[in-house]
Amino acid sequence: MPFSYYARLSRSQQAIYRKSDEIVEVRLPQPAALHPAVESLTTALASEDRVTVQHATDRLIRGLTDALGLPAVEVQVLAARPHAKWGELHGLYTVERGKTPTIQLWMRTAKQRRVVAFRTYLRTLLHEVGHHLDYALLHLRDSYHTEGFYKRESSLFKQLVPERRTPWPTVDAWFRRSPDERLARLAQTPDQIRTAIAGRGEAALGRRPAPQAWAPTEIVCYLRDAEEMFGRRFADILAMDEPALPEAGPAERWASERQYLRHDPALALAHFRRRRGETLETLIALAPEAWQRGGEHPQRGRLTIDLLVALMAWHDDNHLEQLTRALEGRP
Amino acid sequence: MPTMEEYAKQPTAQRLERLTRTGEQLAAAIKGQSDAALSRRPDGKNWAAKEVVCHLRDTEESFGARFAQILAMDTDPRMIGADADRLAEERQYLRNDAGEALAAFRKRREETLATLRSLVGEQWKKGGIHATRGRMTLDDFLTLMAWHDDNHLDQLQRALEGKA
């Protein structure tokens, strides 16, 4: 189904449009060879320095044109995007007879002058590269925005930024389950803990199975405090656009500083249950698209609500298992 | 006891120096006190001495997290406040050992001071949006911490004297 402007094109232009629309992919011979250049671009954007971004962009463009055997294209990285009533200009491809084609890219938003996000920047770059490809690789006489054009842009993006698996392979299984299944899992945990520790005295629950392995009480206290931390992360992600998520813990430090071994496990469970109830209330109230909101963790990279919920489900499994072992005296 | 406004006028070095003394002051205040005395609330609502120490320890950790967030972001983060009474209840401050809590506070305080001492020029103007106080720069946080220390040292003394 061509875009509406197709009807206004001449016959020869329509022929170009159809040809463009048919090609849905551009394969890079060795995409992994370009990943270091993509990585440098991420770092360069984080530095917010235009010259650094220019160098990183040059490197990636050279890598791309070399890989595809294309003639060179010059890139100019500029500061704030020009804007007008129609919106902001993200990038521009210019070709003039007898001259090296040029791509201009703006690395800051027009109004707030914030550095654009890495994925947006790379998409814009690949969009302009797409125009270059239309002429230089596909030998089209014009470069139209067709569905095929956007698919080619996406195919390049996916090869350069492979879809992120979760940072933890064991979390993956939960990540693939539906939100409802994950929430149902989270809802069970307080009762599972209650069943596990029922009938055990405070002394037994405070016994470590090995000097370095947590006692049942410590595990319950940790789940309580982790729940508070998860709650704060959700609040941060919902209150801000892509906040930095501070590093928490480490868990061992919480256990010793907050003196978990002195805590009353039944009370800790009651407070975990209350916090978990609040977490579930927050999550259930969210619109599905809000699950894709996220923030940047210093070690784990971008964490979405979607991923955090999978992580929590896995975290519960993991610590319930640890709790069972501790109750049996096994580290 | 200086007010927030008075602290705000003090040079950075003076306020940092004030933060270095708190560990010692707390140690002197609780020295020789029995666990029972440290656990005694002056009334049904007000904290016992050890709850004050635990609060300072945990607040120090959250100051650290806030500073890290402010320094990591290009825009001002919105700072969602914690309910200190809820934390006192949930983290069972009354069951803590005050001496251990103080040791943990001192370690956290050292880390905070290291972060603050590493700040240069414009970095002090980076800030976040506090839920009740509005925009606060790192410089404002330093003032707040100095005042917060005084305030809780005073509260701790009163708690030991059985006063709310």
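The values are calculated or read from the model by the stated rules, or taken from the named source; none is laboratory data. Values in this document were obtained by computation on a predicted structure and should not be read as measured data. No Cβ is skipped: glycine too gets one built from the backbone with ideal geometry, and neighbour counts run over all protein chains shown.
Within the range A:223-271, the set of residues being in a loop (DSSP other than H, G, I, E, B) and either more than 10 Å from chain B (Cβ to nearest Cβ) or more than 19 Å from B:ARG95 (Cβ to Cβ) (or both) comprises A:MET240, A:ASP241, A:GLU242, A:PRO243, A:LEU245, A:PRO246, A:GLU247, A:ALA248, A:GLY249, A:PRO250. Take B:THR59 and tell me if it is assigned to a helix (DSSP H, G or I) and either away from chain A (no Cβ under 14 Å) or acidic (Asp, Glu) (or both). No. Restricting B:LEU138, B:LEU142 to those that are surrounded by 18 or more Cβ atoms within 10 Å (Cβ to Cβ), in contact with a Ser or Thr (Cβ under 8 Å, 6 or more places away or on another chain), away from every other protein chain (no Cβ under 14 Å) and among the aliphatic types (A, V, I, L, M) reduces the list to B:LEU142. Going through the range A:49-63 one residue at a time, which ones are surrounded by fewer than 17 Cβ atoms within 10 Å (Cβ to Cβ) and part of a helix (DSSP H, G or I)? Passing the criteria: A:ARG50, A:VAL51, A:HIS55, A:ASP58, A:ARG62. Flag not set for A:GLU228, criterion: in contact (Cβ under 8 Å) with a residue 40 or more places away in the chain, farther than 30 Å from A:ARG114 by Cβ, touching a Gly at 6+ places or on another chain (Cβ under 9 Å) and surrounded by fewer than 22 Cβ atoms within 10 Å (Cβ to Cβ). Can you tell me which residue in the range B:111-164 is nearest to B:GLY64 (Cα to Cα), limited to those that are free of Cβ contacts under 8 Å to residues at least 60 places away in the same chain and among the hydroxyl-bearing types (Ser, Thr, Tyr)? The qualifying residue nearest to B:GLY64 (Cα to Cα) is B:THR115.
For the range B:15-31, the criterion of being modelled with pLDDT of 95 or more, part of a helix (DSSP H, G or I), more than 16 Å from the chain's Cα centre (by Cα) and within 13 Å of chain A (Cβ to nearest Cβ) is met by none of the residues. Hey, does the range A:211-221 have a residue that's closer than 22 Å to B:LYS107 by Cα, without any contact (Cβ under 8 Å) to a residue 40 or more places away in the chain and surrounded by 14 or more Cβ atoms within 10 Å (Cβ to Cβ)? No - not one qualifying residue is present in the range A:211-221. Check whether at least one residue in the range A:272-280 is touching a strand residue (DSSP E or B) at 6+ places or on another chain (Cβ under 9 Å) and buried (at least 16 other Cβ atoms within 10 Å of the Cβ), and report yes or no. No, there is no match, as no residue in the range A:272-280 is touching a strand residue (DSSP E or B) at 6+ places or on another chain (Cβ under 9 Å) and buried (at least 16 other Cβ atoms within 10 Å of the Cβ).
Of all residues in the range B:32-56, those being in a helix (DSSP H, G or I) and either basic (Lys, Arg) or touching a Phe, Trp or Tyr at 6+ places or on another chain (Cβ under 8 Å) (or both) number 6.
Looking only at residues in the range B:82-97 that are assigned to a helix (DSSP H, G or I) and touching a residue at least 12 places away in the same chain (Cβ under 8 Å), the one that is nearest to B:LEU38 (Cα to Cα) is B:LEU94.
One residue alone among B:ALA49, B:ALA101 is among the small types (Gly, Ala, Ser) and more than 9 Å from chain A (Cβ to nearest Cβ), and that residue is B:ALA49. With the structure loaded, tell me whether A:GLY98 is surrounded by 14 or more Cβ atoms within 10 Å (Cβ to Cβ) and among the small types (Gly, Ala, Ser) or whether it fails that test. When the stated conditions are applied, A:GLY98 does not pass them. The set of residues in the range A:107-117 that are hydrophobic (A, V, I, L, M, F, W, C) and either surrounded by fewer than 17 Cβ atoms within 10 Å (Cβ to Cβ) or not assigned by TED's automatic domain parsing to the domain that holds A:VAL77 (or both) comprises A:ALA110, A:ALA117.
Of all the residues in the range A:109-155, those that are modelled with pLDDT under 90 and of a type in the set (Ser, Thr, Tyr) number 2. Restricting A:GLU289, A:GLU278 to residues that are within 28 Å of the chain's Cα centre (by Cα), part of a helix (DSSP H, G or I), more than 9 Å from chain B (Cβ to nearest Cβ) and modelled with pLDDT under 95 narrows the list to A:GLU289. From the list B:ARG86, B:ARG117, the lone residue that is farther than 18 Å from B:ARG41 by Cβ and at pLDDT 95 or above is B:ARG117.
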